[in-house]
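Okay, structure first, notes after.
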Amino acid sequence: MIKSVIIKNFKCIKDLELQLAPLTIFVGPNGSGKTGILEAIALMSQAIRGIGNGHLIEARKGDLVRIEDENALFYKGEIENLLSLGFEVELEEDESSYVRKGILEDLEEVSSGEAKTFLSKLKDKKIKNVKYIYSIKLAPYECKHLFYFDETQIKYFRDGSNIEAFPKFISLGDERRFLPTLYVEGRYLRFLENLFQIIRRRFEKVYYLSSRRDVMNWYKIAEDKELSYVGREGEYTLDVLSRLMRPENDEKRWPYELICEEFGVKRIWAGIERGSILTSNYKDPWLNSTHKLPSLGHGARQLIPIIAQLAISEKGSIVLIDEPEISLHPSYQVKLSILFGNAVMEGKQVLLTTHSSYFPLSLHKLFDGSLKIEGQTTIGRKERVIKLNVNDVMVYHVDRSSEGYTVVHRLELDENGLKEGIPSFTKVEIELLSRFIKGT
């Protein structure tokens, strides 16, 4: 899980540092910067995974997001702005031990007294929280890396020909790379390599689903490789659904079979016919008739890729979703709490944007234990109560300031749900509903 995200001078976002929860919801007007927050995380994932040789600017053209113009990455399109992207993660017990193991190995191999002193101080600490911030600007060129291990800081800064590093004995490989290799006495610091392995594993499991994800084929040629990503436009949904149908994925699949039924899609299936041709079908729960997935209504076609992605994703995955409520009736928008609550219970982190007021206003159902899925699945009758703690959920209202940049306000939650209305929604609702309230 990502504990927090740091975004500065990215698109319309001037300066944000946001705490994140297992389920984080961004509400607000169109064009306010909600999607920009998700894209910043997706872009970091692409750089960490080595797209564009790991250079943030070149990594903009990837599988999660694709931004053609490099100027479009920068606030106001001005490449003299210092673009900063970063995150904070909390290490598990075994991860912290793995980093400590690297520190002990480094201590055995370095000879510099200054390096030994630095590593000895780290050895005596239990590294739990790690923050990393990458900054770059193009005119004039400048690149910075900041690492925080709880209270300990490593800083690397390059401004033209000037280089500043703290501690001074550390040197860097390709400074344009996200998570660069740091060297001492010509050898890389093993504890940082161990840490970066942990971070890479987390960011390898980032998936982004855009608001254009209703690509649903009648038939398609099956992909040669095992897919764990439905694609940002849902183009690989049939491949992922087919994989979910296998017996080894029974435990992954069954909760989402029941969740599909909550949204009017019964007995969903995808698989191979005639060699390598993928197809699908489902039952209409009212007529009990069988149809292909493209026969679904637009709302269900938008939702099935999300359900498939959450089902196939491993524990620790980070799923970024734009507007899951597209074309859904309010009664179905309320049921989104079931879908995302279940995913969080399975150890997945979900960050999403929404223009729905019904979904955020129904969050209290996640806390009171009233949400339950039950029924017949392909592996027998199953049931599960969907229940989260208040601390598992954060809601942010995203808007533009008078100067035009993104501003974010965290909305208060307690066991009864939102403690306040959604600012940009409430104004419209009061205006439209006041005539009914007055009885006219």
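The values are calculated or read from the model by the stated rules, or taken from the named source; none is laboratory data. Quantities reported herein were computed from a predicted structural model and do not represent experimental measurements. We place every Cβ from the backbone using ideal geometry, glycine too, and count neighbours over all the protein chains shown. Surface areas here come from the heavy atoms of the whole protein model, side chains and all, with no ligands, DNA or RNA. Shrake-Rupley method; radii C 1.70, N 1.55, O 1.52, S 1.80 Å.
Tabulated values for the structure
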| read-out | value |
| --- | --- |
| Computed over segment 65-162: relative contact order in percent, which uses C-alpha pairs under 8 Å that are six or more apart | 27 |
| Projected-area average for segment 334-440 over all orientations - Cα convex hull basis, square nanometres | 9.7 |
| Residue of 185, 262, 193 that the Gaussian network model of the chain assigns the largest fluctuation, springs spanning Cα pairs under 10 Å | 185 |
| Loop chymotrypsin sites (Phe, Trp or Tyr not before Pro), segment 215-279, which have at most 13 other Cβ atoms in a 10 Å radius of their Cβ (DSSP) | 218, 219 |
| Matching label, Rg and Dmax of the Cα atoms in Å computed from the structure shown, candidates (i) 23.7, 84; (ii) 22.2, 72; (iii) 31.1, 113 | (i) |
| Accessible heavy-atom area order of 124, 224, highest first, probe of 1.4 Å | 224, 124 |
| Spin-label model distance (nm) - residue 437 vs residue 211, 7 Å beyond Cα toward Cβ | 2.7 |
| In segment 196-235, GluC sites (Glu not before Pro) in a DSSP loop with at most 10 other beta-carbon atoms within 10 Å | 226 |
| Electrostatic dipole magnitude of the chain [Cβ: Lys, Arg +1; Asp, Glu -1; Cα centre; debye, to 20] | 560 |
| Alpha carbon centroid spacing (whole Å) that separates segment 107-162 from segment 322-371 | 40 |
| Of 380, 299, 404, the one that fluctuates the most in a GNM where the chain has Cα springs shorter than 10 Å | 380 |
| Pairwise label distance in nanometres, residue 168 with residue 1, each label 7 Å out on the Cα-Cβ vector | 4.2 |
| Accessible-area composition of segment 1-127, carbon plus sulfur, in percent [1.4 Å probe] | 44 |
| Separation in nanometres of the label points that stand 7 Å from Cα toward Cβ, at residue 262 and residue 249 | 2.0 |
| Sparsely packed trypsin sites (Lys or Arg not before Pro) within segment 378-440, loop by DSSP, other Cβ within 10 Å at most 12 | 419, 438 |
| Hypothetical label at residue 379: residues of segment 225-253 whose amide nitrogen lies under 17 Å (7 Å Cα-Cβ projection) | 241-253 |
| Subset of 131/225; 335/419; 283/372; 387/427; 144/168 violating a 25 Å alpha-carbon distance limit | 131/225; 387/427 |
| Length-normalised contact order for the chain - Cα pairs under 8 Å, 6+ apart - percent | 17 |
| Surface per residue (accessible, 1.4 Å probe) for segment 1-72, Å² | 31 |
| Carbon and sulfur %, accessible surface of segment 310-426 computed with the full protein complex present, 1.4 Å | 45 |
